[in-house]
Amino acid sequence: METGELIRPAAFKLDIAAIERIEAVPTILDVVCRTTGMGFAAVARVTEDRWIACSVRDGIAFGLKPGGELRIETTICSEIRESREPVVIDHVAEHPDFCGHHTPAMYGFQSYISMPILLPDGSFFGTLCAIDPSPARVNNPETIGMFKMFADLIAFHLDAQARIERSEAILLDERRTAELREQFIAVLGHDLRNPLASIDAGTHLLLRDPPPEKAVAVIGMMRSSVARMAALIDDVLDLARGRLGGGLALHRAPVALAPVLIQVIDELRASHPGQQVEAVIRLDTDVDCDGQRIAQLLSNLLGNAMTHGAADQPVVVHAATRGDVFELSVSNAGEEIAPAAIERLFQPFARGAIRPDQAGLGLGLYIASEIARAHGGSLSVASSPMQTRFTFLMPLG
């Protein structure tokens, strides 16, 4: 049998390796040859301009091995690739369409069957084919059905391999992302704080000896800026933990929460002397929570209410345990929040889009909602022309 057109390049190694990883392929080729009586069977990768053997069973000394290549124009597979239909020939010399075809004449075969291998996404991989220099009875439903079943099986395994490789690539990307996430959080939590700590320590040193009056004012501004920058770092760090680190970490324990809430209210009263705050706190039992995080949640809600509420109306803080639920709410009079804005209110950086003149990063409400979620609770808002009320509910059990 003439194989003078045989070429052996080192191309398409991935396709050959993919077929080699399918343990059933050698058995398939053996069954094909034994069932049909044909001497040569192969799985071929077929593209627009390449025909490459990926796996071969050669009992007729055809001379083609895995990695061997036939010129695509000398094969019938290019026609199969276009039509995506099998070609089945019992006896070339008696076949009306292939008796004068150049491929059988070039390679010296009389019987031929080739089934397209179509991947689940519809793409064409190649063919499962068999040839023999003698005629063979292959143009029957049983043989064609067997080839179709084997071609589908090969396609299934190729697709499964591709899915596994994609999953492994995703896992690798996730590991790299996790490493970058940890580095990012470390930078926020350590590297950015160190310069601020140095500035803060420097201002303390400057204040030990009475400085000039102008210097006192400048140092006060520096200390205020340091405190604000530290708060911004805390917010961004919480954003990173919430969005990148799998959620906020809690240190839960039974807490006498009333003094914690009163301290937050007193601190914000001191920083907003013109704003009246009324507090109604009825807590008759300890609350299992992270006290510092609940304080942060209240601070964010109360600060938001003081900033956006009506200056001539009090902000009301209400905290109580009702049955098996802890409830904390902050309400204020003032402008109604539009429904479209409420939909985005707990998203990070949303405040700037809702109120363009709003200072800060717009993370306070997002962080408050993350604290609520971390506690297994919920944070909601209701707004009308009369009142806006944020309510945190948390199960006690």
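A few comments on the model shown:
- Checking each residue in region 92-138 for being polar (S, T, N, Q) and open to solvent by 10 Å² or more (accessible area, probe 1.4 Å) picks out Gln110, Ser123, Ser134.
- Restricted to region 134-181, and to residues there that are in a helix (DSSP H, G or I) and polar (S, T, N, Q), the residue that is modelled with the highest pLDDT is Thr143.
- Filter result for Ile72 (at pLDDT below 95 and among the β-branched types (Val, Ile, Thr)): yes
- Residues of region 286-322 that are free of Cβ contacts under 8 Å to residues at least 60 places away in the same chain and either farther than 21 Å from Leu365 by Cβ or open to solvent by 70 Å² or more (accessible area, probe 1.4 Å) (or both): Asp286, Gln292, Thr307, Ala311, Asp312, Gln313, Ala320, Arg322.
- Hits in region 293-352 - residues which are of a type outside the set (A, V, I, L, M) and part of a helix (DSSP H, G or I): Arg293, Gln296, Ser299, Asn300, Gly303, Asn304, Thr307, His308, Pro339, Arg351, Gly352
- Checking each residue in region 41-60 for being open to solvent by less than 40 Å² (accessible area, probe 1.4 Å) and closer than 16 Å to Phe150 by Cα picks out Ala41, Ala42, Val43, Ala44, Cys54, Ser55, Val56.
- Only a single criterion out of (1) of a type in the set (S, T, N, Q); (2) closer than 17 Å to Leu297 by Cα; (3) at pLDDT below 85 is not satisfied by Ser224, namely (2).
- When the residues of region 82-91 are filtered to those that are more than 16 Å from Ala130 (Cα to Cα) and not in a loop (DSSP other than H, G, I, E, B), the one that is least open to solvent (accessible area, probe 1.4 Å) is Ser83.
- Taking first residues from region 253-270 that are among the basic types (Lys, Arg) and partners that are open to solvent by 40 Å² or more (accessible area, probe 1.4 Å), the Cβ contacts under 9 Å between residues at least 6 apart in sequence or on separate chains come to Arg269/Gln276.
- Members of region 1-32 that are among the acidic types (Asp, Glu), part of a loop (DSSP other than H, G, I, E, B) and either modelled with pLDDT under 50 or under 17 Å from Ala61 (Cα atoms) (or both): Glu2, Glu5
- Meets criteria (within 22 Å of Gln387 (Cα to Cα), touching a helix residue (DSSP H, G or I) at 6+ places or on another chain (Cβ under 7 Å), part of a loop (DSSP other than H, G, I, E, B) and open to solvent by 70 Å² or more (accessible area, probe 1.4 Å)) for Gln275: no
- Check on Gln263, under 40 Å from the mean Cα position of the chain (by Cα), of a type in the set (S, T, N, Q) and more than 17 Å from Asn332 (Cβ to Cβ): no
- In summary, Ile113 fulfils each of the numbered conditions (1) modelled with pLDDT of 95 or more; (2) farther than 16 Å from Met146 by Cα with the single exception of condition (2).
- Asp30 being under 18 Å from Ala136 (Cβ atoms), open to solvent by 20 Å² or more (accessible area, probe 1.4 Å), under 49 Å from the mean Cα position of the chain (by Cα) and touching a residue at least 12 places away in the same chain (Cβ under 8 Å): yes
- The listed residues are Ala256, Ala249, Ala341, and the only one of them that is open to solvent by 30 Å² or more (accessible area, probe 1.4 Å) and modelled with pLDDT under 90 turns out to be Ala249.
- Residue in region 284-297 that is farther than 28 Å from Pro254 by Cα and modelled with pLDDT of 90 or more present: no
The values are calculated or read from the model by the stated rules, or taken from the named source; none is laboratory data. Everything numeric in this text was worked out from a predicted model, so none of it was measured. Every residue, glycine as well, gets a Cβ built from its backbone with ideal geometry; the counts of neighbours run over all protein chains shown. When the accessible area is computed, the model is the full protein with side chains, heavy atoms only, and any ligands, DNA or RNA have been set aside. Shrake-Rupley method; radii C 1.70, N 1.55, O 1.52, S 1.80 Å.
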